[in-house]
1. For region 1-149, what is the charge dipole size about the Cα centre, in debye to the nearest 20, if Lys and Arg each add +1 at the Cβ and Asp and Glu each add -1 at the Cβ?
2. Given the C-alpha centroids of region 1-58 and region 160-219, what is the distance between them in whole angstrom?
3. Give me a comma-separated list of calculated 3J(HN,Hα) values for region 46-57, in order, Karplus coefficients 6.51, -1.76, 1.60 applied at θ = phi - 60°, integers in Hz, x for any Gly or Pro.
4. With a 1.4 Å probe and every protein chain left in place, tell me how much accessible area Y225 has, in Å² to the nearest 10.
5. Accessible surface of V186 in the full protein assembly, 1.4 angstrom probe, to the nearest 10 Å²?
6. What 222 nm value per residue comes from the helices of the chain, counting each DSSP H run with n ≥ 4 as -39,500 (n - 2.57) and dividing by all residues, nearest 500 deg cm²/dmol?
7. Using only Cα positions of region 105-188, each an equal point scatterer, no hydration layer, compute I(q)/I(0) via Debye at q = 0.12 Å⁻¹ and quote the log10 values to two decimals.
8. Once amide H atoms are built 1.01 Å from N in the peptide plane, which residues 5 or more positions from D143, or in another chain, come under 5 Å H to H?
Amino acid sequence: TRLRVALAKSRNVVSIRLLQAIGIPYAIDYVTRFGFNPNQLPHNLSMALGTGDVTPLQLANAYAVFANGGSRVNPYLIDHVTDGNGKLIFAYHAPTPIPVLSPDTEFLMVTVLQAVIDEGTGAKALRLGRSDLAGKTGSTDMDAWFNGFNRNLMTSVWVGYDQHKPVHEYGSQAALPIWIDYMSQVLTGTPETSFPHPADIITAKIDPATGLLARPDQPDAISEYFTENSLPEQVAPVASGPAGLGTSSDSGQPIF
């Protein structure tokens with residue numbers, strides 16, 4: 001299963017295997033770049049299932065990295081304060097954005113999160129009639145989430161109890177409709193945005209069953225994005241067997 005499909009369809013076994021492959025210490029170090037406190041996160045494979053406790057503001061700030069071109073901007077609640085005569089007595093000065101993701105990684109992740117809406121668990125958002133939206137559902141026994149954005153706006157919706165008891169809801173059923181209702185109002189009349197396409201991100205036709213390069217005559221070939229050093233080198237074999245899925249080589253390059 002390609003990572004794009006796994007995240008779009010919330011096939012969490014793939015996320016667990018990915019976490020296992022990169023290692024928990026590396027993953028913990030990486031997610032702290034998004035503003036999370038490592039002490040709030042489980043240091044085991046359950047982290048891939050969302051078992052860490054974070055606030056809606058923390059999660060919105062993390063997803064905003066994708067909207068902000070790969071940089072983190074710490075949120076603030078008070079922009080400025082004036083006295084009774086309108087004289088400015090305080091103004092917030094935002095610090096320099098903190099780089100978190102390379103342009104390549106940011107672009108690839110945004111396209112994956114767009115697939116969540118285009119063909120995955122966030123498909124209800126297609127009713128907004130926009131092509132510039134990306135996001136991710138989240139569901140645990142305690143929480144239901146939807147975090148979604150375009151280049152100008154990030155919105156996070158959480159459904160749960162302050163008393164930390166189970167809600168037994170799915171993000172696509174409980175949180176996503178709230179997100180859609182809100183975004184339908186605030187995005188009305190705003191132009192669609194676009195995410196910059198890095199020059200070294202290339203597009204190639206691949207075999208959807210194996211992730212290898214598609215054969216020249218392959219009718220079901222699909223397009224996928226790659227960095228230059230992650231492009232598969234092998235061509236997919238001719239499909240065989242009753243399932244028609246073909247076989248893949250152990251030496252084939254995985255597609256992430």
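The values are calculated or read from the model by the stated rules, or taken from the named source; none is laboratory data. The structure presented is a predicted model; accordingly, all values stated were derived computationally and were not measured. Note: ideal-geometry Cβ built from the backbone for every residue, glycine included; neighbour counts use all protein chains shown. Only protein heavy atoms, including side chains, enter the accessible area calculation; ligands, DNA and RNA are left aside. Shrake-Rupley method; radii C 1.70, N 1.55, O 1.52, S 1.80 Å.
1. Once rounded to the nearest 20, the dipole reads 400 debye.
2. Here the answer is 17 Å between Cα centres.
3. 5, 4, 5, 9, x, 7, x, 9, 10, 8, x, 5
4. Looks like 70 Å² after rounding.
5. Its accessible surface works out to 60 Å², give or take rounding.
6. Calculated from helices alone, the mean residue ellipticity at 222 nm is -8000 deg cm²/dmol.
7. Debye output, listed in q order: -0.33.
8. So D143 has HN proximity to V167.
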